[in-house]
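The values are calculated or read from the model by the stated rules, or taken from the named source; none is laboratory data. Worth saying up front: this structure is predicted, and the values here are computed from it rather than measured. Glycine gets a Cβ as well: all are built from the backbone with ideal geometry, and neighbour counts include every protein chain shown. Only protein heavy atoms, including side chains, enter the accessible area calculation; ligands, DNA and RNA are left aside. Shrake-Rupley method; radii C 1.70, N 1.55, O 1.52, S 1.80 Å.
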Amino acid sequence: MRFEDLLPLATKAGARLKARGETIAVSESSTGGLISAALLSVPGASSYFLGGAVVYTRVARNQLVQIGDEDMTGMRPASEPYAQLLAARSRTRFEATWGLAETGATGPTGNRYGDAAGHSCIAIAGPIERVITLETGRTLRHTNMCMFAQRALEVLIEALE
């Protein structure tokens, strides 16, 4: 899988957001900005894309989306509850119609929380709330990054249908 493979999905998502007059904010971790880059590659993205953040560390989580340690009580990163919190916080901070979040373990090894490489939690917050876990079973870092971004865009499109 390559970045170019994400473009048809981003185009579809962008067209739906534009047609509905809705906006989105993205917070991503393991995808390193690929979701945002795909959405921004669509001409006219400024009509729907309000902003994005790569929330890769505890410091980034606190500074970029203002999720502090007290907010993390009872949950851990790379989990469905955290992905949902990240999506909701992104939506609120950017005053967007939708918040989209991704968090996981790209590889080649798992993360310190016990998740295997290829594990990602993806959440959407907005008129529809949804969270999923994706397990690719792969260890190649860039492949997982693209697969996570692909699934995140698919979740967004499903929510917009």
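Going residue by residue through the range 120-142, is there one that turns out to be in a loop (DSSP other than H, G, I, E, B), without any contact (Cβ under 8 Å) to a residue 24 or more places away in the chain and either open to solvent by 70 Å² or more (accessible area, probe 1.4 Å) or β-branched (Val, Ile, Thr) (or both)?
The initial filter retains those residues of the range 120-142 that are in a loop (DSSP other than H, G, I, E, B), namely 126-129, 136-140.
From what's left, without any contact (Cβ under 8 Å) to a residue 24 or more places away in the chain: 136-137.
Those left that are additionally either open to solvent by 70 Å² or more (accessible area, probe 1.4 Å) or β-branched (Val, Ile, Thr) (or both): 136-137.
Yes: one or more hits.
From the set of residues in the range 91-111 that are farther than 23 Å from His142 by Cβ, over 12 Å from the mean Cα position of the chain (by Cα) and of a type outside the set (Asp, Glu), which is least open to solvent (accessible area, probe 1.4 Å)?
That would be Ala96.
Would you call Leu86 aliphatic (A, V, I, L, M), within 23 Å of Glu22 (Cβ to Cβ) and free of Cβ contacts under 8 Å to residues at least 60 places away in the same chain?
Criteria met by Leu86.
Pull up the range 143-161, narrow it to residues that are free of Cβ contacts under 8 Å to residues at least 60 places away in the same chain and in contact with a strand residue (DSSP E or B) (Cβ under 6 Å, 6 or more places away or on another chain), then point me to the one that is farthest from Ser30 (Cα to Cα).
For the range 143-161, the residue satisfying everything is Val155.
Report the residue count in the range 101-119 for those that are part of a strand (DSSP E or B), of a type outside the set (Gly, Ala, Ser) and closer than 14 Å to Met147 by Cβ.
Going through the range 101-119 one residue at a time, the tally reaches 2.
Which residue, of Gly74, Gly44, Gly21, is of a type outside the set (Ser, Thr, Tyr), touching a residue at least 12 places away in the same chain (Cβ under 8 Å), farther than 13 Å from Glu102 by Cβ and surrounded by fewer than 19 Cβ atoms within 10 Å (Cβ to Cβ)?
After applying the criteria, what remains is Gly44.
So, Ser79, is that one without any contact (Cβ under 8 Å) to a residue 60 or more places away in the chain and surrounded by 18 or more Cβ atoms within 10 Å (Cβ to Cβ) or not?
Criteria met by Ser79.
Taking the range 112-161, which residues are of a type in the set (Gly, Ala, Ser) and out of contact with any helix residue (DSSP H, G or I) (no Cβ under 8 Å at 6 or more places or on another chain)?
Gly114, Ala116, Gly137, Ala159 - these are the residues of the range 112-161 that are of a type in the set (Gly, Ala, Ser) and out of contact with any helix residue (DSSP H, G or I) (no Cβ under 8 Å at 6 or more places or on another chain).
In this structure, does Ser30 turn out to be hydroxyl-bearing (Ser, Thr, Tyr), surrounded by 15 or more Cβ atoms within 10 Å (Cβ to Cβ) and over 13 Å from Leu153 (Cβ atoms)?
Spelling it out, Ser30 is indeed hydroxyl-bearing (Ser, Thr, Tyr), surrounded by 15 or more Cβ atoms within 10 Å (Cβ to Cβ) and over 13 Å from Leu153 (Cβ atoms).
Enumerate the helices (runs of 4 or more DSSP H) found wholly within the range 1-90, keeping only those where 3 or more residues are modelled with pLDDT of 95 or more and over 13 Å from the mean Cα position of the chain (by Cα).
Of the helices (runs of 4 or more DSSP H) lying wholly inside the range 1-90, those with at least 3 residues that are modelled with pLDDT of 95 or more and over 13 Å from the mean Cα position of the chain (by Cα) span 7-20.
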